[in-house]
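Take a look at the structure set out below.
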């Protein structure tokens, strides 16, 4: 990456006291020193928004009571002072209106997944992005890991041959009990369909598993046959989902996600089987990629080595430290911010950057696919069709 870059100014929506992902975004976005956080509307409660602004040392005039006041306030500033982009880290039901209004006001947008809470909203947002000529990024975190990029590039180069089968899982255990009834903030909104949308576990983590499968393989899920369940009594959204998958090249797949798998933490993992070789990657041990060949010993590829860079420019670009020094979640998110903001710089400053490498981040099309996936899983599980098309 270029040593000297114009620093971009970031505003944030969400991420106030008690929030999880907003603070993670703030840490990750600033890792490489190319982004400054200068404004925000951090909480629906103006006093809590001010509290977060104070903690971040922001100018109090740029800590806003709500996102509409933030748009108004930033537009009143000279272009050189106002934010370049906004990062949306709120509950899901706010993603669409916030992204819509900031795009219409001339700002670039980074948004947490899922992009919206309905397919209709997703399609409308895609149309807005195309009309706006602004950069839109979607935070599918796991596409930012170097070894995920290596796996994708190995498949692109034909190392695995034709892909036949994909198995992807994402078990967690943190919602095994009805902690939303105890006022646990993260559980409360994630189990409320008005805030999270129709999908519970399938919309929160299943969408990550589906995105990861498509990103690494380069394939598209075309049909699903699903079974979703709410095991915790009274919970109005699913907390466990199981789905068979059909891919556009004829490959078959299995996807399961669960938030009631007691003892599991964040065990996202994927196995991809071709007609020559197979690969395996685990999010909880992300610096290694396993490659298997039926006629040779198993290989373990390790992040940060030159042999990885020789195969994958994207993995090399996403690596900051030598091998043996672990990189993980914050760096993966930082990689997505880097590509997103370099795309903004290339668009606005006409920098000579490698287009293929910097465009390697999830976008509005991934957001539409994610919403169509959630919609198909829910429809299939509640209906009588054997398979539901995406």
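Spin-label pair residue 59-residue 293: with each label point 7 Å from Cα along the Cα-Cβ axis, the two points sit 5.9 nm from one another. In plain terms, the residue of 107, 102 with the fewest other Cβ atoms within 10 Å comes first and the most crowded comes last, giving 107, 102. Here the relative contact order of the chain, from alpha carbon pairs under 8 Å that lie six or more residues apart, stands at 19 percent. Looking at the chain, send over the antiparallel percent of its DSSP beta bridges, to the nearest 5. About 60 percent, rounded to the nearest 5.
For region 162-177 versus region 282-358, the inter-centroid distance based on Cα atoms is 22 Å.
Per residue, the chain reaches -10500 deg cm²/dmol at 222 nm when only DSSP H runs of four or more residues are counted, each adding -39500 (n - 2.57). For the pair residue 157 and residue 179, the difference between a 0.36 nm per residue extended length and the Cα-Cα distance amounts to 3.3 nm. Which of 53, 263, 197 ends up with the largest GNM mean-square fluctuation for the chain, with Cα atoms connected below 10 Å? The residue that fluctuates most here is 263. Have a look at 15, 203, 183 and tell me which one the Gaussian network model of the chain (Cα, springs below 10 Å) gives the largest fluctuation. Maximum among the listed residues: 183. Here the relative contact order of region 75-135, from alpha carbon pairs under 8 Å that lie six or more residues apart, stands at 34 percent. What separates the Cα centres of region 114-145 and region 189-224 is a distance of 14 Å.
Peptides 354-365, 160-171 ranked from most to least packed by the mean count of surrounding Cβ atoms within 10 Å: 160-171, 354-365. Once C-alpha pairs closer than 8 Å and six or more residues apart are averaged by separation and normalised to the residue number of region 196-314, the relative contact order reads 16 percent. Extension gain for residue 307-residue 275 works out to 9.2 nm (0.36 nm per residue, less the C-alpha to C-alpha distance).
Only the coordinates and a few stated rules stand behind these numbers; no lab work does. All values reported here derive from a predicted model rather than from experimental measurement. FYI the Cβ positions are ideal-geometry reconstructions off the backbone, even for glycines, and counts take in every protein chain you see.
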